[in-house]
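Beneath this line is the structure, given in structure tokens, with notes to follow.
The values are calculated or read from the model by the stated rules, or taken from the named source; none is laboratory data. None of the values given here were measured: they were computed from a predicted structure. In this analysis, Cβ positions are derived from the backbone assuming ideal geometry, glycine residues included, and neighbour counts consider all displayed protein chains. Areas reflect the complete protein model, heavy atoms only, side chains present, ligands, DNA and RNA absent. Shrake-Rupley method; radii C 1.70, N 1.55, O 1.52, S 1.80 Å.
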Protein chains: 2
Amino acid sequence: MNETTNRPRVAFQGERGAFSEEAALRLLGDEIQLVPRPSFESLFAAINEGLADYALAPLENSLAGSVQRSYDLLLEHSLHIVGEVIIPISHSLISCPGATFESIRTIESHPVALAHCLRFLGAHPQIRPLATEDTAGSVAQVVRRGDRTCAAIAGKRAAEVYGGVVLLEHLEDHEENYTRFVLLTSSTVLSDEANKLSLIIKLPDGAGTLYHALEPFARHGLNLLKLESRPIRGRPWEYYFYLDLQASTKDKKVEDALAELNERASEVRILGCYPSARVTQTETSTH
Amino acid sequence: MNETTNRPRVAFQGERGAFSEEAALRLLGDEIQLVPRPSFESLFAAINEGLADYALAPLENSLAGSVQRSYDLLLEHSLHIVGEVIIPISHSLISCPGATFESIRTIESHPVALAHCLRFLGAHPQIRPLATEDTAGSVAQVVRRGDRTCAAIAGKRAAEVYGGVVLLEHLEDHEENYTRFVLLTSSTVLSDEANKLSLIIKLPDGAGTLYHALEPFARHGLNLLKLESRPIRGRPWEYYFYLDLQASTKDKKVEDALAELNERASEVRILGCYPSARVTQTETSTH
């Protein structure tokens, strides 16, 4: 934590008004200093560079799936997961004052947000989707340019922040649309409420190695919540596996299972043990 | 196959000169009719729409990982995998005649190609990367516009097809850069050389269900080559698992393992059993 203030500095990817900003406020409350970072790379580097005490990274969306870049950056950086938050994602079509839906020919947004709205985009072939770095940043640019043929897809919050006009709401293909973020920091903190364990493993070659690596967790009745694979750079068709388990390292059987896993995997790295988030669809942002 | 000609029509995503086109020619030879499709959606729809007999879809890159959209479209369409091909990916910087590297301020390419060249892009912050639909299509546009401040990242083949100028070669971060494509068609064909099995499974809730699903394959000594998870739409934090196994359904023990899997999974869909591709770094395209 920054010594000059009691308010922790929390980095997020994107600009003011981004879903990530909302996630940070929801997880940590208003008493934080928000540190917008332009890219995933600069987000993950923010702590080492002394710009932030924490970084909040999106790991997964319930429709689009894993955020592959975040998974790779988790591996590249030695940060620890100390918390998580899940927020509902609802997309609005936002343009500058004076624009109408009929005038729109281009829609700018982050590729994941565009992927959330494929049905809407498919139904309006006269509108060209354009991939950008950021949802809220696209709103900022669309409003600044004042071009009534352009709109952005982003959260409603961005319209308030930048003075945009909401033309349409709920563009997303599916209502059940959530993004899960993890809170990263440079030191390990084991909360009493920790009940979720994330780790990265690398397995030896051969048949059945993943099966054998999962065996200790299955035997101890520990629920595997997620399993993600990412390629090992320079070793085509070999993978790191990222495991999320319903487990706390304070639990003796988790300790035993990890000791057994260590014998079966060629590498094991614990990313963190932290309280899992629970957010329901009916919860809405109060920010 | 189209009755009016002996040459099968093979759809690929992208424009003339794309890596996908090279992959199709390498897998099937020159005696095919190439059917370029503008998007992954239209690629997967091409067979049902009567536009093609086969579709060649990229599933995975050895650096960037799984092509998530292809995995989701495999689930949505009832196509069968009947073959695969792996090609080395080497990226060149291509602009219009008259351009020099010093004049370039914008680089256009598909996001996966941009992701292959992060080190190069990071070393040249004066150049703005711009995500587009296609590698070769970006070359076509850059050459057509004749704007010497713009270049595209694509395979060298695209420079030949569109009359572009290669400014730099081998922009990729890692030499070991391959993309794996699968050949899809509407009917199942089981080749005698089939030695790779791809399937999608859905598991019941609870601890150890993935472990139990993998058990029959491990017991029979069948090698799990890849495991990918994709979110189930409308059911947040539940997943389909895509398995690639070193196995042929002609093998009795594979048949037994699949029968046991059927009892442990809530859904099992066989995507295909086909000959696996083997391509080494020293192989280069002859097209």
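From the list B:Ala52, B:Ala11, B:Ala18, B:Ala24, pick out the single residue that is under 24 Å from B:Thr132 (Cβ atoms) and over 17 Å from the mean Cα position of the chain (by Cα). Residue meeting the stated conditions: B:Ala52. Residues in region B:113-127 that are under 18 Å from the mean Cα position of the chain (by Cα) and free of Cβ contacts under 8 Å to residues at least 40 places away in the same chain: B:Leu114 alone. Could you list, in sequence order, the residues of region A:52-75 that are open to solvent by 10 Å² or more (accessible area, probe 1.4 Å) and more than 11 Å from chain B (Cβ to nearest Cβ)? Correct list: A:Asp53, A:Tyr54, A:Pro58, A:Leu75. Within region B:128-170, the set of residues being under 14 Å from B:Thr100 (Cα atoms) and free of Cβ contacts under 8 Å to residues at least 60 places away in the same chain comprises B:Val142, B:Val143, B:Gly146, B:Asp147, B:Arg148, B:Thr149, B:Cys150, B:Ala151, B:Ala152. Within region B:99-130, the set of residues being farther than 27 Å from A:Leu114 by Cα and of a type in the set (A, V, I, L, M) comprises B:Ala99, B:Ile104, B:Ala123. The residues of region B:195-213 that are surrounded by fewer than 20 Cβ atoms within 10 Å (Cβ to Cβ), farther than 12 Å from B:Phe241 by Cα and within 26 Å of the chain's Cα centre (by Cα) amount to a single one, B:Asn195.
Would you mind stating whether A:Val143 is more than 14 Å from chain B (Cβ to nearest Cβ) and either open to solvent by less than 60 Å² (accessible area, probe 1.4 Å) or touching a Leu at 6+ places or on another chain (Cβ under 8 Å) (or both)? Break it down stepwise before answering.
Working: more than 14 Å from chain B (Cβ to nearest Cβ): yes; either open to solvent by less than 60 Å² (accessible area, probe 1.4 Å) or touching a Leu at 6+ places or on another chain (Cβ under 8 Å) (or both): yes.
Taking the combined requirement at face value, the residue satisfies it.
Taking region B:94-139 as the region of interest, how many residues are assigned to a loop (DSSP other than H, G, I, E, B) and buried (at least 17 other Cβ atoms within 10 Å of the Cβ)? Total meeting the criteria: 9.
For B:Glu283, state whether it is within 14 Å of chain A (Cβ to nearest Cβ), at pLDDT below 95, closer than 23 Å to B:Leu28 by Cα and surrounded by fewer than 18 Cβ atoms within 10 Å (Cβ to Cβ). Full working, then the answer.
On the way: within 14 Å of chain A (Cβ to nearest Cβ): yes; at pLDDT below 95: yes; closer than 23 Å to B:Leu28 by Cα: yes; surrounded by fewer than 18 Cβ atoms within 10 Å (Cβ to Cβ): yes.
Spelling it out, B:Glu283 is indeed within 14 Å of chain A (Cβ to nearest Cβ), at pLDDT below 95, closer than 23 Å to B:Leu28 by Cα and surrounded by fewer than 18 Cβ atoms within 10 Å (Cβ to Cβ).
If I filter region A:156-164 for residues that are crowded, with 21+ Cβ neighbours inside 10 Å, within 14 Å of chain B (Cβ to nearest Cβ) and not acidic (Asp, Glu), do I get at least one hit? No, that holds for no residue.
Go through the residues of region B:78-88 one by one and say whether even a single one is within 11 Å of another protein chain (Cβ to nearest Cβ), open to solvent by 10 Å² or more (accessible area, probe 1.4 Å) and more than 14 Å from the chain's Cα centre (by Cα). No, region B:78-88 has no match at all.
Output the residues belonging to region B:239-280 that are open to solvent by 60 Å² or more (accessible area, probe 1.4 Å), under 21 Å from B:Asn61 (Cβ atoms) and part of a loop (DSSP other than H, G, I, E, B).
First, the residues of region B:239-280 that are open to solvent by 60 Å² or more (accessible area, probe 1.4 Å): B:246, B:250, B:252-253, B:255, B:262-264, B:266-267, B:269-270, B:278, B:280.
Remaining after also requiring under 21 Å from B:Asn61 (Cβ atoms): B:246, B:278, B:280.
Result: B:Arg278, B:Thr280.
Listed conditions (1) under 21 Å from A:Tyr162 (Cα atoms); (2) among the aliphatic types (A, V, I, L, M); (3) more than 14 Å from chain B (Cβ to nearest Cβ) are all met by A:Ala113, apart from (3).
Regarding region A:177-185, can at least one residue be identified that is crowded, with 17+ Cβ neighbours inside 10 Å, part of a loop (DSSP other than H, G, I, E, B), on the phi < 0 side of the Ramachandran plot and in contact with an Asp or Glu (Cβ under 9 Å, 6 or more places away or on another chain)?
Checking region A:177-185: not a single residue is crowded, with 17+ Cβ neighbours inside 10 Å, part of a loop (DSSP other than H, G, I, E, B), on the phi < 0 side of the Ramachandran plot and in contact with an Asp or Glu (Cβ under 9 Å, 6 or more places away or on another chain).
Annotation note: of A:Pro236, A:Pro231, A:Pro216, the sole residue that is open to solvent by 20 Å² or more (accessible area, probe 1.4 Å), within 14 Å of chain B (Cβ to nearest Cβ) and not basic (Lys, Arg) is A:Pro236.
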